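Written below as structure tokens is the structure these notes are about.
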Amino acid sequence: MGWWLEEAGGVDPLPPLSGSVEADFVVVGGGYTGMWTAWHLLHAEPSARIALLEGGLCGHGPSGRNGGFCESMWLSAHAVRERFGAGPALALLDLASRSVTEIGEWCDENGVDAWFRQAGYVCVSTAPAYDDAGRASMRAAAELGRPEAVQELSAEQVRARCDSPVFRRGVFVPDFATVQPARLALGLRAKLLERGVRIFEGSRVSELSGDRGGVVARTAGGMVRAGAAVLGMGPRSRAIDGFDSRLTVTSSHIVMTEPVPDLLEEMGWTGGECITDGRHMLHYFRTTDDGRIAFGWGGGRLACGARVNGRVEVDRDVAAQVARDLEWMFPGVRGRRLTHAWGGPIDVSPSHIPQIGSFSDAPVHYAFGFTGNGVGPSQLAGRALASLALDRRDEYTRLPIVGSDAGAWVPPEPLAWLGGAAVRSALLRVEAAKERGERPDPLSAVAAAAPRALGMHLAR
Ligand SMILES: Cc1cc2nc3c(=O)[nH]c(=O)nc-3n(C[C@H](O)[C@H](O)[C@H](O)COP(=O)(O)OP(=O)(O)OC[C@H]3O[C@@H](n4cnc5c(N)ncnc54)[C@H](O)[C@@H]3O)c2cc1C
């Protein structure tokens, strides 16, 4: 289940839905997106009757087992501007930055100790082929009038923050924090319960129907009739009719070391920065309050069929690869114990930009496609979804990610899975060659570039 959930402590499952319940709003999914939406709905309408239906336990999916990088969207500034134009892009990027600060403020105001620490983020190159990582967004930020949002770091400056023998130059994004993800998710769950939200766990929604007058969500044990529904189903959004062409599902894995405070001291990695390399299949790593290193890799296998609907708990081969990569990056960890390894599914949007929208024939609103970067943006999505469900128009519903399409089309199964698996293998070969300073073989290079040729956004 992952170290974070273990550290956060267990929760007693809430009883499943049984019988018929009336509500103003029904939220499907107890991850960050669903829970932030419920929170913002309550803030706007304190007397609103909200029912939240969660298939498993709230916060026990990706929201409770991620890397805890609480990101603004500044490292996507280039892609966001390219897709939406300068004005809408800036509005989105500024609100995504504010979302990070607001999560910290929410923790303070509500007494939730989610280890929120706004120490910024470093994107670092680990081979000459990656020396330009983050530069396009650095230029875009400057051109958008926010030069401080993405800052250049020399190799010396990178190593002063965290000294690895493979680190080269990088960029620094100050509007970035880390959290203990499970503490944040379970903190949200606790605060929603305190505020009177009716949460039903073990309550998978198997059918959602509705018309302009309202919706009905059905589970094995009962149903909720509500004025509007919000779907925050994460990777399972792919099961929604017509959505399989709008996202794919891949996986990510994390290994956790035992506490290694002496090593962090030696590497000068005591400032709390979270770091990634510049690959497409990126490595991401951060420290914890008790001196551990959480080291993740986004290069897991694609999830398909049952695995989309089930949880990717841990793929042992991938976890072993992650452990080897950790030693390559930080040789000092050799001989130190890895206490935990786990994985989870990632909902990938072809543009790598989340999608928020509404159905045209019923008051049903949704958000998905955070592409491994939902911790910060899901709070912003929750604000937009709450406004949509309340039928209000404001700065959140005017965001360019609201009502936009996927940016490209995902082919039907089994093509999506076969194509994705081929691209993954090609990317692995291309990135390994780049890391060794070699030219990738031409066939792999062509296969790895295929998504871009189809309009899918790949690297940051
Ligand atoms: C290993 C890993 C590392 C990651 N690292 C980071 C990171 O460092 N930073 C970052 O920003 N992001 C990261 N992510 C991604 C991040 O976790 C997600 O973007 C974020 O949690 C999205 O939240 P969500 O609420 O949209 O989805 P989820 O957390 O997936 O929640 C969806 C919930 O809906 C429930 N559900 C689905 N279908 C139904 C149904 N039919 N009925 C009832 N309930 C249903 C599920 O059980 C689940 O609890 C990582 C993900 C993984 C797996």
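The values are calculated or read from the model by the stated rules, or taken from the named source; none is laboratory data. Because the structure is a prediction, the values reported are computed rather than measured. Every residue, glycine among them, receives a Cβ derived from its backbone with ideal geometry; neighbour counts consider all protein chains shown. These accessible areas exclude ligands, DNA and RNA; they are computed on the full protein's heavy atoms, side chains included. Shrake-Rupley method; radii C 1.70, N 1.55, O 1.52, S 1.80 Å.
Observations
- From the options 255, 249, residue that is in a strand (DSSP E or B) and either over 28 Å from the mean Cα position of the chain (by Cα) or under 23 Å from residue 180 (Cα atoms) (or both): 255
- Single unsatisfied condition, residue 207 versus (1) within 11 Å of the ligand (Cβ to nearest atom); (2) under 30 Å from residue 2 (Cα atoms): (2)
- Condition met for residue 392 (surrounded by fewer than 17 Cβ atoms within 10 Å (Cβ to Cβ) and of a type in the set (Lys, Arg)): yes
- Close pairs from segment 177-198: first under 28 Å from residue 121 (Cβ atoms) and polar (S, T, N, Q), partner open to solvent by less than 10 Å² (accessible area, probe 1.4 Å) and in a helix (DSSP H, G or I), Cβ under 7 Å, at least 6 apart: 180/4
- Positions within segment 154-164 being touching a residue at least 60 places away in the same chain (Cβ under 8 Å), part of a helix (DSSP H, G or I) and more than 19 Å from residue 75 (Cα to Cα), in sequence order: 159, 160
- As a summary of the residue check, residue 71 satisfies the conditions (1) farther than 30 Å from residue 201 by Cα; (2) out of contact with any Lys or Arg (no Cβ under 9 Å at 6 or more places or on another chain); (3) crowded, with 21+ Cβ neighbours inside 10 Å except for the one numbered (1).
- Exactly one residue out of 137, 154, 203 is buried (at least 21 other Cβ atoms within 10 Å of the Cβ) and out of contact with any helix residue (DSSP H, G or I) (no Cβ under 9 Å at 6 or more places or on another chain): that is 203.
- Residues of segment 206-250 classified as open to solvent by 60 Å² or more (accessible area, probe 1.4 Å) and not hydrophobic (A, V, I, L, M, F, W, C), total: 9
- Test: residue in segment 145-153 that is over 30 Å from residue 433 (Cβ atoms), in contact (Cβ under 8 Å) with a residue 24 or more places away in the chain, touching a strand residue (DSSP E or B) at 6+ places or on another chain (Cβ under 8 Å) and among the hydrophobic types (A, V, I, L, M, F, W, C): yes
- Every residue from segment 350-384 that is within 22 Å of residue 181 (Cα to Cα), small (Gly, Ala, Ser) and open to solvent by less than 10 Å² (accessible area, probe 1.4 Å): 367, 369, 376, 378, 381, 382, 384
- Condition broken by residue 167, with the remaining ones in (1) assigned to a strand (DSSP E or B); (2) open to solvent by less than 10 Å² (accessible area, probe 1.4 Å) satisfied: (1)
- Taking the criterion of being in a helix (DSSP H, G or I), of a type in the set (A, V, I, L, M) and open to solvent by 20 Å² or more (accessible area, probe 1.4 Å), the residues of segment 313-340 that qualify are 320, 323.
- One residue stands out in segment 221-274 among those that are under 30 Å from residue 119 (Cα atoms) and among the small types (Gly, Ala, Ser): the one that is farthest from the ligand (Cβ to nearest atom), namely 268.
- Qualifying residue in segment 280-288 (condition: farther than 20 Å from residue 64 by Cα, away from the ligand (no atom under 11 Å from the Cβ), in contact (Cβ under 8 Å) with a residue 40 or more places away in the chain and open to solvent by 10 Å² or more (accessible area, probe 1.4 Å)): yes
- Considering 399, 388, the condition of being at pLDDT 75 or above, touching a strand residue (DSSP E or B) at 6+ places or on another chain (Cβ under 8 Å) and in a loop (DSSP other than H, G, I, E, B) is satisfied by 399 alone.
- If the condition is being within 6 Å of the ligand (Cβ to nearest atom) and open to solvent by 30 Å² or more (accessible area, probe 1.4 Å), then segment 45-65 contributes only 62.
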